[in-house]
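Single-structure report; data block below.
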Amino acid sequence: MKKELILVLNCGSSSVKFSIIDPIEEITYIDGIIETINNITSLKIQDFINNKKLFKKFDKIDSYKQLIILIFDILHDKYKNYLNNIIGIGHRVVHGGKNLKKSMIINSSVLLEIQKSSVFAPLHNPFHLLAINIALKKILKLAKVNVAVFDTAFHHTIPKESFLYAIPYYFYSDHSIRRYGAHGINHFYVTKKCSFFLKKSINQLNVISCHLGSGSSITAVVNGKSVDTSMGLTPLEGLVMGTRCGDIDPSIIFYMIKELGISLDKAQKILTKYSGVLGISSISNDFRELEEKYNVNKKAKLSIDIFCHRVAKYICGYSSLMCGRLDAVIFTGGIGENSSFIRQKIIDKLSLIGCFIDSKNNLNNNKKTIFINSIKSIPILVISANENQIIAKETYNLIK
Ligand code: ADP
């Protein structure tokens, strides 16, 4: 029987990731990434079926449009067998705004809503729109089966007491200002995986999911549904991140502008691009580098300590939302999956909520899902992020 495959496009602000996935068997055929670093554009594709890798370098490609077109051209030239079996294209979309609460087959009104939500995700939604428009034209026979899967959708179950800001109500009712959250596709994916590993129905599962990467967020999940999350109207709120400040007193912005004469644009840049662990350490936004310098550089140490403090504070705060039973804490994302050092520092602060680490298992970083809790602890799991599996499945379910 002919395989039915889904092409997934995951467009970030500086790279495009893509996969071809069998959504039924949950098998990834290929994974690819194209990105431009230091004036060189590189394309990497791993073909898991034939166990082959492709690596190509190009002179810097500035235009995002060209990057996407290149992906389609390469797929057409080198992976035609797979391309012929594709029955739909799933697009990760960071912000679905107030109205797009679940995955949608893309039509003109969905495109309009994604465009309207760009104001809340200016570094992402415009790129998604570009990719969608190219995909619609490049594979015409699939033009009616492009699906948008939203990072905000999982968080639409959050109740009002959590998603509303304590500012005049009309900012919500008239201007849609509320907490939307992010990373929802992966928070859902790891929750599902956790339900599998704990052999417990997702509808009865209470977990705290920690997605720690260059952008980081924590989600409280009760009975399989998101009930609170640390990112807000935009991905700037919440944890300390690579370059983003996370929670701050809003008066800091007034002070910067009124007392220090900093322009609004500059203040925005400072809080999004020059803050977080980069801002504190003045060294790097890369946690690997900060970890290396932890014992020899005071600011590297301070930046990691502040990061871990904030994560632990959120986890313990969210434990109060678990209706009396926390089934597991999950670590995912580049830092959550790879840094045993940071996991240890965070978990050491969680004894009050029954989390204790098994240091040996924690160090056993073999990229497989692992339990890193000790016997007396509630389960603590490390689960690799995999948004594309969920996007493929949602796409398949919608178009079949
Ligand atoms: P994104 O949010 O862009 O998807 P990732 O989830 O891939 O990012 O996470 C990137 C972050 O993960 C970077 O800050 C990087 O330093 C960190 N990271 C990756 N591997 C390690 C490691 N072994 N130790 C510490 N940090 C790591």
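The values are calculated or read from the model by the stated rules, or taken from the named source; none is laboratory data. Everything numeric here is computed off the predicted structure, so don't read it as measured data. Glycine also receives a Cβ, built like all others from the backbone with ideal geometry; neighbour counts cover every protein chain displayed.
Results, tabulated for the structure shown:
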| quantity | calculated |
| --- | --- |
| Which listed residue, of Lys17, Lys53, is over 26 Å from His187 (Cβ atoms), modelled with pLDDT of 90 or more and either outside any helix (DSSP H, G or I) or among the small types (Gly, Ala, Ser) (or both) | Lys53 |
| Residue match in the range 382-400 (condition: surrounded by 21 or more Cβ atoms within 10 Å (Cβ to Cβ) and free of Cβ contacts under 8 Å to residues at least 40 places away in the same chain) | no |
| Cys323, sole failed condition from (1) assigned to a loop (DSSP other than H, G, I, E, B); (2) under 27 Å from Leu205 (Cβ atoms); (3) of a type outside the set (A, V, I, L, M); (4) within 15 Å of the ligand (Cβ to nearest atom) | (4) |
| Residue within the range 370-380 that is touching a helix residue (DSSP H, G or I) at 6+ places or on another chain (Cβ under 8 Å) and either over 22 Å from Val222 (Cβ atoms) or loosely packed, with under 15 Cβ neighbours inside 10 Å (or both) present | yes |
| Qualifying residue in the range 59-77 (condition: touching a helix residue (DSSP H, G or I) at 6+ places or on another chain (Cβ under 9 Å), surrounded by fewer than 18 Cβ atoms within 10 Å (Cβ to Cβ) and basic (Lys, Arg)) | yes |
| Filtered residues of the range 369-400 (kept if in a loop (DSSP other than H, G, I, E, B) and more than 14 Å from Cys194 (Cβ to Cβ)) | Ser374, Ile375, Lys376, Ser377, Lys400 |
| Close pairs (7 angstrom Cβ cut-off, 6 or more residues apart or separate chains): closer than 19 Å to Gly317 by Cβ in the range 344-362, in a loop (DSSP other than H, G, I, E, B) and among the small types (Gly, Ala, Ser) anywhere | Gly354/Ser377; Cys355/Ser377 |
| The range 285-311, subset under 14 Å from Gly336 (Cβ atoms) and aromatic (Phe, Trp, Tyr), residue nearest to the ligand (Cβ to nearest atom) | Phe287 |
| Members of the range 328-357 found to be of a type in the set (A, V, I, L, M, F, W, C), outside any strand (DSSP E or B) and within 14 Å of the ligand (Cβ to nearest atom), listed by number | Ile335, Phe341, Ile342, Ile346 |
| Residue pairs meeting the criteria (Cβ under 8 Å; at least 6 apart or on separate chains; first in contact (Cβ under 8 Å) with a residue 24 or more places away in the chain, in the range 215-234; second assigned to a strand (DSSP E or B) and of a type in the set (Asp, Glu)) | Thr219/Asp228; Ala220/Asp228 |
| Neighbours by Cβ (under 9 Å, 6+ apart or cross-chain): first from the range 14-42, surrounded by 19 or more Cβ atoms within 10 Å (Cβ to Cβ); second part of a strand (DSSP E or B) and modelled with pLDDT under 85 | Ile34/Ser15 |
| Residue pairs meeting the criteria (Cβ under 6 Å; at least 6 apart or on separate chains; first over 25 Å from Ser15 (Cβ atoms), in the range 100-125; second among the β-branched types (Val, Ile, Thr) and buried (at least 21 other Cβ atoms within 10 Å of the Cβ)) | Ile105/Val147 |
| Per-region count, the range 84-98, residues in contact (Cβ under 8 Å) with a residue 40 or more places away in the chain and more than 26 Å from Ile177 (Cβ to Cβ) | 6 |
| Condition broken by Leu70, with the remaining ones in (1) modelled with pLDDT under 90; (2) of a type outside the set (Phe, Trp, Tyr); (3) not in a loop (DSSP other than H, G, I, E, B) satisfied | (1) |
| Test set (1) closer than 30 Å to Glu161 by Cα; (2) within 20 Å of the chain's Cα centre (by Cα); (3) within 16 Å of the ligand (Cβ to nearest atom) - Tyr314 fails condition number | (3) |
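Residue-wise test of (1) within 21 Å of His211 (Cα to Cα); (2) at pLDDT 95 or above; (3) crowded, with 16+ Cβ neighbours inside 10 Å.
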{"position": "Leu130", "(1), (2), (3)": "no, no, yes"}
{"position": "Leu136", "(1), (2), (3)": "no, no, yes"}
{"position": "Ala153", "(1), (2), (3)": "yes, yes, yes"}
{"position": "Phe163", "(1), (2), (3)": "yes, yes, yes"}
{"position": "Phe171", "(1), (2), (3)": "no, yes, no"}
